[in-house]
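What follows is a short report on a single structure.
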Amino acid sequence: MKILVTGGNGFIGSNLIKRLIQEEHHVHSLDNLSTGAKLNEVNGCHYHYGEVENIDSMDKDFDVIFHLAALARIQASFEFPHKTFTSNVVSTEAVVEFAKKIKAKLIYAGSSSKWHDPTQSPYAMSKYLGEELVKMYRKSFGIKAQIARFYNVYGPNEILEGDYAAVIGIWRRQIRDNQPITIVGDGEQRRDFTHVSDIVDGLYKIMLSEHYHDDAWELGTGTNYSINEVYNMFFNKFKVSKINLPDQPGNYRVTLREHDDALNKLNWTPTDQLKKYINSL
């Protein structure tokens, strides 16, 4: 199949492209490099650099579009709300319209923030609106669209630097730079950490499946850990100290996969790889 991945130079996109190339698909990527990197390029993929809003200038014969491009951090969205809505809503409207025009199957990267009050942060609202756009185009225009809702992804190619690094990436950088680990709030907030290889496998199964979900496929392990428990895993490996920072707005107390539809209908089998991954660093 001929497949387009938006955000293909990013963390999840680069891992997905590697799988798609291994499966001998014809793959293109569209990325503006705002958070992605050319270092993440995969041999065999055709790379295009530019804004996702200009997706209509791409080839018109894609069978599948994975829309992964997004600005994906809560705290950064408070500092850059306009950029967040442009990236996560305006770009998504351009992608769903393009998918409608070329009759491609669309798989949209949703967020577990769906299960929290979307008014808590610009990021949560932008991803909520993105999901609703996809559902509206599916219902009103009949596009073949599915939502894959991600939970706290970590693994190879995760971002280590800057505003868009997540907790595991931030801690990896702090250890690299001989700094103490920073824990936001009391550390008792719990997260469903999901390895990027499982996310990619879920996305691939969604692409191939004839099953269509009325809401979204939940891609989380179904197991969660407190931030303090994850710190203990890092401490056991690296003997690193910690510093507690004040809590931040939009910092949810719990994320955990909400249902098992991907396991039951797609035969998706995620595994809890967090401790193994930390020990491998």
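Miscellaneous remarks
- Candidate set: the range 204-250, residues that are closer than 13 Å to G187 by Cα and among the acidic types (D, E); chosen: the one modelled with the lowest pLDDT: D247
- Any hit, the range 68-75, residues being more than 19 Å from I12 (Cβ to Cβ) and either in contact (Cβ under 8 Å) with a residue 40 or more places away in the chain or surrounded by 16 or more Cβ atoms within 10 Å (Cβ to Cβ) (or both): yes
- Considering K60, K18, the condition of being outside any loop (DSSP other than H, G, I, E, B), more than 22 Å from D163 (Cβ to Cβ) and either at pLDDT 95 or above or under 16 Å from the mean Cα position of the chain (by Cα) (or both) is satisfied by K18 alone.
- A residue that is over 22 Å from M1 (Cβ atoms), without any contact (Cβ under 8 Å) to a residue 24 or more places away in the chain and not in a helix (DSSP H, G or I) can be found somewhere in the range 113-120.
- Being in contact with a Ser or Thr (Cβ under 8 Å, 6 or more places away or on another chain), under 20 Å from I199 (Cα atoms) and part of a helix (DSSP H, G or I) is a property that does not hold for N9.
- Residues that are assigned to a loop (DSSP other than H, G, I, E, B) and crowded, with 16+ Cβ neighbours inside 10 Å, drawn from the range 242-281: G250, Y252, T255, L256, R257, E258, W268, P270, D272, Q273
- Of all residue pairs spaced 6 or more apart or on separate chains, those with beta-carbon atoms under 6 Å, a first member in the range 251-271 that is in contact (Cβ under 8 Å) with a residue 12 or more places away in the chain and a second member that is of a type in the set (K, R) are V254/R190; T255/R191; L266/K205; W268/K205.
- Only one of the listed residues (R138, R172, R149) is assigned to a helix (DSSP H, G or I), of a type outside the set (G, A, S) and in contact (Cβ under 8 Å) with a residue 24 or more places away in the chain. That residue is R172.
- Test result for D201, under 30 Å from M1 (Cβ atoms) and acidic (D, E): yes
- If you filter the range 150-169 down to residues that are in contact with a strand residue (DSSP E or B) (Cβ under 7 Å, 6 or more places away or on another chain) and farther than 14 Å from G10 by Cα, you find that the one that is surrounded by the fewest Cβ atoms within 10 Å (Cβ to Cβ) is N152.
- Number of positions in the range 212-234 that are surrounded by fewer than 14 Cβ atoms within 10 Å (Cβ to Cβ) and touching a residue at least 24 places away in the same chain (Cβ under 8 Å): 1
- Flag if I147 is surrounded by 16 or more Cβ atoms within 10 Å (Cβ to Cβ) and in contact with a Leu (Cβ under 8 Å, 6 or more places away or on another chain): no
- Scanning the range 198-211 for residues that are surrounded by fewer than 16 Cβ atoms within 10 Å (Cβ to Cβ) and touching a residue at least 40 places away in the same chain (Cβ under 8 Å) yields a total of 1.
- Picking from residues in the range 1-59 that are without any contact (Cβ under 8 Å) to a residue 40 or more places away in the chain and among the aliphatic types (A, V, I, L, M), the one that is surrounded by the fewest Cβ atoms within 10 Å (Cβ to Cβ) is L39.
The values are calculated or read from the model by the stated rules, or taken from the named source; none is laboratory data. The model shown is predicted, which means the values in this text are computed figures rather than measured ones. Note that each Cβ is placed from the backbone with ideal geometry, even for glycine, and that neighbours are counted across all protein chains shown.
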